[in-house]
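To start, the structure itself, in structure tokens.
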Amino acid sequence: MKQIIVLILTLTMIFPAYTFAQEAPKITDIQEGQSAPFTGTLLNPAAAAQIIAEKENMESECKLRYDYIKSREQAKCDLLINNLNISLDITQKKYESIINIKDDEIKRLNEIALENSGDYSHWWAAGGFIVGALVSIGIFYAAAQAAK
């Protein structure tokens, strides 16, 4: 008895009753004079429903593809903008670092230049005095030798 119940339950799971109850879509050609005022195609309700459902499905599928492509491209643009902003920030920090290093080097060189100001006026005065004294002695010696 259990085996029969299991078999029945298995078959109802595999082949649900509503699949047998659905009417297959039918499309039929009719000619003028056959219960229709014009030549055309006759659709039963299942065929008409299938065409309408496919149309709605295509619209939703198209919208989903559009949304997916739009969001993908938006993500690419956001990534590119973020990368460019990061690159700009890094470049600005690099520029500021170079400017700070340059300013520090200018200060250091100014301090060195001010320590050794290059004011050698006292040496020039001492050298002028010594040279003047030697020239005077030389002239005096030359005049003394010329007088002899």
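The values are calculated or read from the model by the stated rules, or taken from the named source; none is laboratory data. None of these values were measured; they are calculated from a predicted model. Heads up, the Cβs are rebuilt from the backbone with ideal geometry, glycines too, and the neighbour counts pull from every protein chain shown.
State whether the residues of the stretch 44-64 include one that is surrounded by 10 or more Cβ atoms within 10 Å (Cβ to Cβ) and outside any helix (DSSP H, G or I). Checking the stretch 44-64: at least one residue is surrounded by 10 or more Cβ atoms within 10 Å (Cβ to Cβ) and outside any helix (DSSP H, G or I). Within the stretch 1-43, being surrounded by fewer than 10 Cβ atoms within 10 Å (Cβ to Cβ) and at pLDDT 75 or above holds for Met1, Lys2, Gln3, Ile4, Ile5.
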